[in-house]
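To start, the structure itself, in structure tokens.
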Amino acid sequence: MARIIVVTSGKGGVGKTTTSAAIAMGLAKRGHKTVVIDFDVGLRNLDLIMGCERRVVYDLINVISGEAALNQALIKDKHCPNLFILPASQTRDKDSLTQEGIGKILDELSKDFKYIVCDSPAGIEKGAHLAMYYADDALVVTNPEVSSVRDSDRMLGILASKSRRAEQNQEPIKEYLLLTRYSPERVKLGEMLSVDDVQEILSLHLLGVIPESKSVLSASNAGVPVILDEKSDAGQAYADVVARYMGEDKPHRFIDEKKGLFGKLFGRG
Amino acid sequence: MSLLDYFRSSRPSSASVAKERLQILVAHERVSRNQPSYLPQLQKELLEVIRRHVNVGQDAISFSFEQDGNQETLELNIVLPDQPPKKS
């Protein structure tokens, strides 16, 4: 049986696709057969972030409508043999997504894969709903910013009431907080909500903090998940996130500011 | 306390304003989210029943629904009019 992980947020542009790509790659690199599915029908971008945009032949909608077999639509990642990508349709209407169709695909993938990562679209419409409906775990990606935190809280309400686990009175979805685009320097200056602030408001288990980092944009420019940039802070932070998800005890890094000479001279302790 | 901290602490930071606003908003949104779906209808029907016996206005009745672990409490408050209507 596969574990189904949804990467969700409510708000757009907070780093869901970046996170989906990184987490899926991280799990696959640890030797687990993993598939990452783009649920953003009409605005697919996971293919671009994973660097496989030119190899897309069939997509999720083709599989649901029976125009292609599942293994025809799965794209094998070029960096890691354990990782596969199931792209969303760029042209078709999102009404073609059906709960039953997604259920069948996830069932079939479950036989073969250890982890299924569902990259949710922004918003709380059909695509977002279906991305989280079958989930076992939810990674709630949040920026330290008011609208993102509010939308995340709204999403938590939906996870708790509209998922299959909720409807069937099963054990609820495990929810984790992933704080992205974090800038310790700005937190110190009182310009940005701190990890503690966000955690206090959302009362969620913190899986990791991804610092605001230039490496995220260069990774997406190149079409390589940022977790493969092992020298970068964001890449290391994502590797820690995967380790923690797997149950390893990793202390949180990148929460405190990097101290330059100026900070050492004038800062506290 | 360093020299910089002196300037930093002069006014409330924008982050603390954000936190306060979010705490209020989120608490408010969670209350309406966790209410059972039958609550508005129940509220309307109860009001009708009470009005059959006591002449109270819409705002004389307040409901609050609270959830504490496994325990759910529905609190109903009715402010009765000062002078009860005389029975003839």
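The values are calculated or read from the model by the stated rules, or taken from the named source; none is laboratory data. For clarity, every value in this text was computed on a predicted model and none was experimentally measured. Here the Cβ positions follow ideal geometry from the backbone for every residue, glycine too, while neighbour counts run over all protein chains shown. Each accessible area value is taken on the protein alone, full model and side chains, heavy atoms only, with ligands, DNA and RNA left out. Shrake-Rupley method; radii C 1.70, N 1.55, O 1.52, S 1.80 Å.
Observations on the model:
- Of everything in the range A:169-218 that is in contact (Cβ under 8 Å) with a residue 40 or more places away in the chain and of a type in the set (Lys, Arg), the residue that is most open to solvent (accessible area, probe 1.4 Å) is A:Arg181.
- The number of residues in the range A:205-252 that are among the hydroxyl-bearing types (Ser, Thr, Tyr), over 17 Å from the mean Cα position of the chain (by Cα) and within 19 Å of A:Glu53 (Cβ to Cβ) comes to 1.
- Members of the range B:32-53 that are at pLDDT 80 or above, of a type in the set (A, V, I, L, M) and surrounded by 13 or more Cβ atoms within 10 Å (Cβ to Cβ): B:Leu42, B:Leu46, B:Leu47, B:Ile50
- Top-ranked residue in the range B:54-86 [being open to solvent by less than 70 Å² (accessible area, probe 1.4 Å), modelled with pLDDT of 75 or more and in a loop (DSSP other than H, G, I, E, B); ranked as nearest to A:Lys162 (Cα to Cα)]: B:Gly57
- Within the range B:23-48, residues that are part of a helix (DSSP H, G or I) sit with their Cβ atoms under 6 Å from residues that are open to solvent by 80 Å² or more (accessible area, probe 1.4 Å), at 6+ positions apart or across chains, in these pairs: B:Asn34/B:Gln67.
- Residues satisfying the stated conditions in the range A:22-75, i.e. among the charged types (D, E, K, R), part of a helix (DSSP H, G or I) and touching a residue at least 40 places away in the same chain (Cβ under 8 Å): A:Lys29, A:Asp47, A:Glu53
- The set of residues in the range A:105-127 being part of a helix (DSSP H, G or I) and within 14 Å of A:Ile37 (Cα to Cα) consists of A:Ile105, A:Leu106, A:Asp107, A:Glu108, A:Leu109, A:Ser110, A:Gly127.
- Of the residues in the range A:82-99, at least one is open to solvent by 10 Å² or more (accessible area, probe 1.4 Å), farther than 23 Å from A:Lys162 by Cβ and of a type in the set (A, V, I, L, M, F, W, C).
- Of all the criteria given as (1) surrounded by 13 or more Cβ atoms within 10 Å (Cβ to Cβ); (2) more than 9 Å from every other protein chain (Cβ to nearest Cβ); (3) modelled with pLDDT under 80; (4) in a helix (DSSP H, G or I), the one not satisfied by B:Phe7 is (1).
- Between A:Asp137, A:Asp151, A:Asp119, A:Asp112, the distinction of being of a type outside the set (Val, Ile, Thr) and crowded, with 24+ Cβ neighbours inside 10 Å belongs to A:Asp119 only.
- Verdict on A:Val226 being of a type in the set (A, V, I, L, M), touching a His at 6+ places or on another chain (Cβ under 7 Å) and surrounded by 19 or more Cβ atoms within 10 Å (Cβ to Cβ): no
- Among the residues listed as A:Ile124, A:Ile173, A:Ile105, the single one being touching a Lys or Arg at 6+ places or on another chain (Cβ under 9 Å) and at pLDDT 95 or above: A:Ile173
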